[in-house]
Amino acid sequence: MHWMSPDLVAGACPLSRTLDIIGGKWNAMIIRELLGGPRRFSQIRAGVGPISAKTLTERLRTLRDYDILDRTDAGEHVSYALTQRGQSLRPVLLELWRWGLADQESWSEGADEPGP
């Protein structure tokens, strides 16, 4: 089936499934942080930005349910690391970053709508 087929609707479309996993306000940023290696909760939170502890906990659980990351409890501390499946998102996020970098010219403060 072609990736632009009108028969592919949200939920049945691989693109939709991918966006469910990396979409949202925080998931891609959490994955980006973990691409650098295992991190503790506080390290992820510091690297991601202004996210509440509750929201980060929820997002980490969701990504764990998707088999994107593992949680390791070493007694003194808990750390998170990407699974092989999570690591496979590296080129996807890199291409999104490159697109955003190339598109920066269209960003403007106070713009009512994004550029064409």
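Bear in mind that the values in this text are calculations on the coordinates, not laboratory data. Just so it is clear, the model here is predicted, and its values are computed rather than measured.
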**Prompt:** Between residue 98 and residue 52, what length in nm is gained on full extension when 0.36 nm per residue of separation is reduced by their alpha carbon distance?
**Reply:** 13.8 nm
**Message:** How much length would be gained if the chain were fully extended between residue 61 and residue 108, taking 0.36 nm per residue of separation minus their Cα-Cα distance, in nm to one decimal?
**Reply:** 13.4 nm
